[in-house]
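Below is one structure, written out as structure tokens; comments come after it.
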């Protein structure tokens, strides 16, 4: 029983590291999409899914799409409208990664 528990903990730890590494490495906006200004920043958390905290540090309103992809091959996005100084979050569950911000 102890060996099974230890194996499960090691396996889950490895999955968490793989997902968090993908979330950080995949944080670059897709080249073909319209990028957002650099004053819009993100912070990614990969605990129990992927949560992206988006902050609008720009002087004007920004409309951004938070892009996700799954390790199974699907992709989707969530559009957010952010007032100057506003902070919003977008989340995805399961084995997903954040692939960048684009304009809506």
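The set of residues in the stretch 74-104 that are within 11 Å of the chain's Cα centre (by Cα) and within 12 Å of residue 40 (Cβ to Cβ) comprises 100, 101.
Against the numbered list (1) at pLDDT 90 or above; (2) in contact with a helix residue (DSSP H, G or I) (Cβ under 8 Å, 6 or more places away or on another chain); (3) exposed (fewer than 14 other Cβ atoms within 10 Å of the Cβ), residue 98 comes up short only at (3). When each of 36, 47 is tested for being crowded, with 18+ Cβ neighbours inside 10 Å and either assigned to a helix (DSSP H, G or I) or modelled with pLDDT of 50 or more (or both), the lone residue that passes is 36.
Among the conditions (1) under 18 Å from residue 37 (Cα atoms); (2) surrounded by 16 or more Cβ atoms within 10 Å (Cβ to Cβ), the only one that residue 90 does not satisfy is (1). Pull up the stretch 50-87, narrow it to residues that are without any contact (Cβ under 8 Å) to a residue 24 or more places away in the chain and part of a strand (DSSP E or B), then point me to the one that is surrounded by the most Cβ atoms within 10 Å (Cβ to Cβ). Only one residue fits best here, namely 78.
Take the stretch 88-104 and flag every residue that is part of a strand (DSSP E or B) and within 14 Å of residue 51 (Cα to Cα).
In the first step, residues of the stretch 88-104 are kept if they are part of a strand (DSSP E or B); the result is 88-92, 96-103.
Matches in the stretch 88-104: 88, 89, 90, 91, 92, 96, 97, 98, 99, 100, 101.
The values are calculated or read from the model by the stated rules, or taken from the named source; none is laboratory data. Small disclaimer: the values here were computed from a predicted structure and weren't measured. Virtual Cβ from ideal backbone geometry, glycine too; neighbours counted across all protein chains shown.
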